[in-house]
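The values are calculated or read from the model by the stated rules, or taken from the named source; none is laboratory data. Since we're looking at a predicted model, the values are computed, not measured. Here the Cβ positions follow ideal geometry from the backbone for every residue, glycine too, while neighbour counts run over all protein chains shown. These accessible areas exclude ligands, DNA and RNA; they are computed on the full protein's heavy atoms, side chains included. Shrake-Rupley method; radii C 1.70, N 1.55, O 1.52, S 1.80 Å.
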Amino acid sequence: MAKEIETVCVTTGPAEVGDYVALNIGPIHPAMHGTLRVITRTDGETIISAEPEIGYLHRGVEKLGENLTYRQFLPLTDRLNYCSAICNNVAYELAVEKALGIEVPEKAQLLRIIMMELARIADHQVLVGILGVDLGALTPFFYLIIQREEIYEIFEWHHGARLTNSMGTIGGVEAELPDRFHEKWPKMRDSIRKANDETDRLLTHNRIWMDRTIGVNAFCADDALNWGFTGPMLRACGVKRDLRKDEPYLMYDKFDFEVPTGKHGDVFDRYMIRMLEMEESIKIIDQAYAMYQDMPDDAPLMKKVPKIIKPPEGQIYHAIESPNGELGFFIKSDGTDKPYRIKIRPPCYMVYQAFGELVQGEMISDLIACLSSINVIAGELDR
Amino acid sequence: MNFQAIQGEGWLLCKAEQLINWGRSRSPWPFPYGTACCGIELMCALASGYDMARFGAERVAFTPRQCDVLIEAGTITKKMVPVLKRIYDQMAEPKWVIAVGACACTGGVFRTYSTQQGIGSIIPVDIYIPGCPPRPEGILYALLKLIDKIEADHPLYKKRQQVVEALEAGK
Amino acid sequence: MSLMDRIKDCLGTDLIEISEFRGDVCVEIPKNRVIEAMTSLKEKGGFDFLSDVFGVDNIDLYAAKAKKAKKKKKGEEEEEEPKKQGPPPPRFEVIYLLLSLKTNERLQVRVRVPEDSMDVPSVTGIWKAATWPEREAFDMYGFKFKGHPNLRRLLMWDEFKDHPLRKDYPLEGKGEERHLNYDTV
Ligand code: SF4
């Protein structure tokens, strides 16, 4: 493999290999979150250049999608971003519904919102926990993971799976909120807040934490837009952009919530934005839950959709705000029961391509911090 | 495990193989090779809710040279195959492998051009866990099964067998 | 002024076709004018954000259409043979998804690419965001993006020969394997 590294280095950069140490990190490395691989050239501890290499989890989802029917493809969307599978499901369902030209009933929309925001909280919790672990703070991870187990419990009650949810279907949601949710949610809201508070107290004003995160790979907004950043990464740079506000889908325009933004685009801002977004998500769930309870019991959950889905010929693109940013599905239909082409626009793909630029000139240990703060999920990165 | 401890005199009476197996089965240090969704469930199994350390998998070894059990959780793509093989070859004997999830067992839902259809054709696997993904309980159960398997092993007999075979081949 | 009119204004003669489906506007531009058209869309049209770039292989679509047309004709007059109408349309498409951050409008830009000349001007000079998507499109379909700084395979390994997302590549592959023998690397 040594030779392989060398050839990669030779083809990727102008500087001579001999002058710097080539350091290969990954694809299996505790800090590389699955299957990521970065080939760096370092001068002492300083990174001269870093080249991410991806594709170690390329499973051919898009090709598979061309050979499955619209309904059969839904479970595969779970396996993209497995930290918040529900957001993927809903994004795909919305895209197909857009191609069909239908809108689901309000109750189903509220259910989707509640579940999606829960998934967002779970996703951010993992991110903050792992970021802590990678920077040497192990304790918050244990607090947050327990909290996440409770969210998984709710998913399990509602649609029967912990991780790969496959929630809902094209045209609606299969079940109402489970009865146990009504008891559980008030308690859970408090415990999520408590765990977040605890994390906040442990990390935010911690001297070591501040030293390791503030000012580490700061990125400016213009560059971020040019590189195609979306989601928390873009908001950390100070751009107020959230598809829930800007291009409202479902019923997001009826809720009252804030979009937190940062200033410097460094690791600390990214961490802070995630912490604040969890609080906003709780707010959204509360409002959605109140609206849900006002709905009559026999309000429909499903729109009538033919068993075999055949959208008319044409191509559409629909994007939602997933925990990582803009998650879009492009569907080209040729009028048959299988999509002619499915393209997934994963949010972290765009961020990760700028990784070399993000970490250039930083220390190796900051590379790890940067990587965890991006929240690269190999499943959606490689598809 | 039946030790005969003779009290007061510091004697312990058992078969050497039993002693070795006892030591091995009580501390299977895992190497978490999580590549995809199943890796997240493996993470849950290792973390506070389920706590795999209760069964001796206390130290999560992130280096292949200091681990006993390779827990392969997630899809292995054809691009990843040489890496997996290399990691397995780097592990010191005795070593065991647990394949977590449908992908690691058979390729799962991904019957495509870039997915390896099961890791069994690359490295020997001891325990297969079905499920997509299996629950953390499933992973714990697999670990217990592996412990059973280790306890039923005959390390010295196998070693002797190897030596005999090598001698015979030398003649 | 509606979105369609503004785009027509902004592209001028570079516009080949404009269509709308479920509110998504799609325009087609000629292959050799990609850079100019994109620049004017970015500067005049306000589409300052590139969401994604990817390819589409249309060979099956054309085949299905030809079959349908043949069937119809047969039903009407059985004797007449289907005439050949000019050269076949270009096999591939590259689709760019643009977004305007100010007005939140989205636009799909389509470029048709024939199979025998796969080179397309790269837009990495305008948006850096196109770096990996273009590499992926090269990997999956074989487009040669002219002016791309580093056009290598992205998802498949380097020795891989085919372009897997083409419609004539089988789903389960052609039995490619990566070598296991790392000692000789
Ligand atoms: S078995 Fe299922 S959950 Fe596990 S890695 Fe494969 S697709 Fe993901």
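A few points about this structure:
- Rolling a 1.4 Å probe across the protein heavy atoms gives segment B:85-139 an accessible surface of 36 Å² per residue.
- Square roots of five times the Cα gyration tensor eigenvalues for segment A:61-382, Å: 32, 24, 16
- Anchor residue C:70: aspartates and glutamates whose Cα lies under 20 Å away (excluding residues fewer than 8 positions away in-chain): A:313, A:334, C:60, C:78, C:79, C:80, C:81
- In segment A:315-344, burial by the other protein chains removes 20 Å² or more of 1.4 Å probe accessible surface, compared with the chain on its own, from A:315, A:316, A:317, A:326, A:330, A:332, A:334, A:340, A:341, A:343.
- Using Cβ point charges alone (K and R +1, D and E -1), the dipole size of the protein assembly as shown about the Cα centre works out to roughly 1320 debye.
- Rg/Rg_globular for segment A:21-89, with Rg_globular taken as 2.2 N^0.38 Å and Rg from C-alpha atoms: 1.54
- Probe 1.4 Å, protein heavy atoms only - accessible area per residue of segment A:61-382 in square angstrom: 32 Å²
- Every Cα-Cα pair in segment A:218-286 was counted, and those over 19 Å apart are 33% of them.
- By the combined test of axial Cα extent (at least 30 Å) and Kyte-Doolittle hydropathy (mean at least -1.0), none of the DSSP H helices of chain C qualifies.
- FRET efficiency for the residue A:139 to residue C:32 pair, using the beta carbon distance and R₀ = 45 Å, is estimated at 0.15.
- Mean-position separation - Cα centroids, segment B:8-79 and segment A:81-101, in angstrom: 38 Å
- Cα-based convex hull volume of chain B per residue, rounded to whole Å³: 142 Å³
- Computed Rg/Rh of the protein assembly as shown, alpha carbon atoms with Kirkwood Rh: 0.99
- Helix B:16-25 and the longest principal axis of the C-alpha atoms of chain B enclose an angle of approximately 30°.
- In this simple spin-label approximation, residue C:177 and residue B:19 carry label points 7 Å from Cα along the Cα→Cβ vector, and these lie 4.4 nm apart.
- Projected label points at residue C:64 and residue A:46, each 7 Å from Cα along the beta carbon direction, are separated by 5.7 nanometres.
- Accessible surface of chain A, 1.4 Å probe: 52 percent of it comes from carbon and sulfur atoms.
- In this rough spin-label picture, where each label sits 7 Å from Cα along the Cβ direction, the residue A:297-residue A:179 distance is 1.1 nm.
- Percent accessible area from carbon and sulfur atoms, segment C:1-76, protein chains only, probe 1.4 Å: 54 percent
- Within chain A, the whole DSSP H helices whose Cα atoms reach 30 Å or more along their own axis and whose mean Kyte-Doolittle score is at least 0.0 are A:106-134.
- Distance histogram in 5 Å bins (all Cα pairs of segment C:3-128, percent per bin): 2, 9, 18, 20, 15, 11, 9, 7, 4, 3, 1, 0
- Calculated FRET efficiency for the pair residue C:72/residue B:66, C-beta based, R₀ 60 Å, to 0.05: 0.30
- The count of lysine pairs in segment B:27-162 whose Cα atoms are under 16 Å apart, excluding pairs fewer than 8 places apart on the same chain, comes to 6.
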